[in-house]
1. I need the peptides 607-618, 142-153 ranked by packing, meaning the mean over residues of other C-beta atoms within 10 angstrom, with the highest value on top.
2. Over the Cα atoms of segment 216-260, how large are the radius of gyration and the largest Cα-Cα distance (Dmax), in Å?
3. For every helix of n ≥ 4 consecutive DSSP H residues, a contribution of -39,500 (n - 2.57) applies; sum these over the chain, divide by its total residues, and give [θ] at 222 nm rounded to the nearest 500 deg cm²/dmol.
4. In what order, largest first, do Trp337, Trp261 sit by accessible area if the probe radius is 1.4 Å?
5. Among 520-529, 120-129, how do they line up by average Cβ neighbours within 10 Å per residue, starting with the highest?
6. Using a 1.4 angstrom probe on heavy atoms only, work out the carbon and sulfur share of the accessible area of segment 143-204 in %.
7. With all protein chains present and a 1.4 Å probe, how do Lys179, Lys174, Lys211 order by accessible area, largest first?
8. For segment 409-457 and segment 468-529, what is the separation of their Cα centres, given in Å?
Amino acid sequence: MSDDETTDTPTPDADVITEEVVADVSAAHEELGETVEAEPEPDPNLVTLNVNGRDVAARKGDMVIAAALGADEYVPHFCYHPRMSPVGMCRQCMVEVEWPRGPMMVVSCMTPVADGQVVRTDTPQVQRAQEGMLELLLANHPLDCPVCDKGGECPLQDQAFSHGPGESRYVEEKRHYEKPIPISDLVYLDRERCILCDRCTRFADEVAGDKLIHFISRGNDTQVMTFPDEPFVSYFSGNTVQICPVGALTAKPYRFKARPWDLAQRESTCTTCSVGCRTVIQSSRDELLRYQGVDSDPVNWGWLCDRGRFNFEAVNSDLRLAAPMVKSDTGLVNASWNTALRAAASLVTEALADGGPDSIGLLGGARGSNEDAFAWAQLADSVGISYRDAQLGDGLPSGILGLDRATIDDAATATTIILLGPDLKEELPVLYLRLRDAAEKKRTRIIEFSTLETGMSPYAWKSLRYEPGSQQEVVAKALADTDIAEQIASGNVVVVAGRANLAESAEATVAALQTVLDGCPGATVLPALRRGNVVGALSVGLAPADADHDGLATLRAAAEGRLELLVLLGADPLNDCPDADLARRAIAGARRGLAIDTFPSESTQHADVVLAASAYGEQARTTTNHEGRVTTLAQQVTATGTSRPDWMIAVELGLMIGAHSFGADHPLRGVSTVDDVTALVAATVPGFAAVTLDALRDEPNGVLSAPHQAALGEVSFSAPGRNSYDYRLVVSRKLYDRAVGTQMSRSLINLAPGSA
């Protein structure tokens, strides 16, 4: 057929050919037993822009500065912060963007990305703009770098060298203010250094919800200041110091203590509460000097509460237990480790001889690490101790950890959060920030059940009050409400469960939780247990077998004279137990006492032997937060005196007890380092198989452990009767309380309610 000849055969269009070919190919693969995966649908939210000649992927809604920084193309900036809304205050992040009418200078923190966008960050025009902005910022800056605490880690200082003009044309006298002003017990303000970047004020407003610091005056007189009669009494004020790009805000506990180049640092995890915020612990001359927040995306977003940020002073306290102590005729006196361990071993063997394993009770473990709790649990198992608990009647049954567990991210992205717990702002402050953010940005609706107004109440979709004892009834009634039922049915549900009222039995909360789970099939649970490593301690073996052997049962047995020996693992029942009278009778009723702690306490004063334990920052190990995330703890300084890690004390004590404890085939008999114990936890504890040393090294955000298989069990709770003359007691915790970390930190001790 010649080229100019035609045919009557119709030509199928390209779509038909493609479909037929794909069908034929798929059929051929099926005959061969093969499968063909369809091409993934392109993400409609992804865009591609060109930054300095290189294609960069970003998501719709991202700002140009975020896309550039994510591609390692540095854009100088001061006001921009990835965790807060952009404001375009400092104008330092100017870049050049190609538009249909040609290139234009734009503020990159206020310009959203677009597909095909061309961005240049280093043109001569951009450089001149950046130099001009720095010249203006420095016009009134005092340039007191030699005496400024921020010197050496100051973004203004760094960018003045890297992007500044080199000299200033301004010779006029600079502004002068009174300096510094203590705007709280923890934070000082130097207004001369402030560049009005709006970071501290945005944090107080957007993140913390404490609008206690803001701009005042106008024009050349604009400055940051607190309200006249209201100091900056935010639980999160230390974050403003960390994110301040100049030395305008400084922290009193760190002020004039060291220069950045004097500091050695390691990444670690805060154990002040169970949220497990990632931190950097910094030291100089073998002394802890500062904690800084690390941006762990699934956990704390870089934020810390002030209690967790500033309680490093407790580690440096002169009141630390530096050596073991043994009771003598004149009271507790220092002793050698050999003497103290022999005395401790005698206490155990004598108790076993006089009353058997059921005459020994073990309380605590949440202060320490996973390795510490595991070693003591192994010792308890080998001796046969049934009375054990990492809680002192102030939490929930360990069976809550066996429920389908939610993560912090799950809660922060859930359609509905049901809050059956304490005041998160007081007990789990950074979890409060994450959930507040979710509510403020309309990602979730919070249904709060509480006896009193809490920090979360202003952000809850519905905040429902109940009298103590009526929680289950109010929850059941609420679930039957049409609006609430429709909200719960509209998407995933996360229940944040903890003890809201320590004067109310744990069974009341468990009954309410079970009512929610019965009415919300598929709901997951985020335990709101407060103590630092309580989830880890319970998971690796310091959980009671049943309610007859939990913390309160242990104290009752001691009070009734049924315990020969009470072992306290960093626990102070006289201050930690909600039932103070029971705690007093228990301490007095136990015939022998053994305490392992970092500080002397009211409870340790009654012990026969006190063994000095190393504190946070003094040993490397791991911890588990309330969502089951296992992260590392770093050793940054030398342990105080001759104090030892809890796990080492447990192993040595087990070896001394001998036949009753670690026999020749016991796995802990051969351990010599904390890494050995970590490996044993991964090999033997259900749910921790993925928590290996290699995984922890590779995952800076930690490794999620699997929930163990315990369950809540039978729930039997009946609300007490009520008449017009009855009172209902509500007991809850405050952020600053009688905890050792608060009481032994000079900067925090006066913040506790009732302090002078």
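1. Working: 607-618: 26.1, 142-153: 15.1.
Per-residue mean Cβ counts within 10 Å order the peptides as 607-618, 142-153.
2. Rg, Dmax (Cα atoms, Å): 12.9, 36.
3. Value at 222 nm, helices only: -8000 deg cm²/dmol.
4. On the way: Trp337 20, Trp261 170 Å².
Descending order: Trp261, Trp337.
5. Numbers: 520-529: 20.7, 120-129: 15.3.
In descending order of packing, they fall as 520-529, 120-129.
6. On the way: 1750 of 3270 Å².
Answer for segment 143-204: carbon and sulfur cover 54 percent of the accessible area.
7. Details: Lys179 90, Lys174 60, Lys211 125 Å².
Sorted by accessible area, descending: Lys211, Lys179, Lys174.
8. Answer, in whole Å: 13.
The values are calculated or read from the model by the stated rules, or taken from the named source; none is laboratory data. Everything quoted here is computed from the prediction, not taken from an experiment. Note that we place each Cβ from the backbone using ideal geometry, even for glycine, and neighbour counts take in every protein chain shown. The area values use the complete protein model at the heavy-atom level, side chains included, leaving out ligands, DNA and RNA. Shrake-Rupley method; radii C 1.70, N 1.55, O 1.52, S 1.80 Å.
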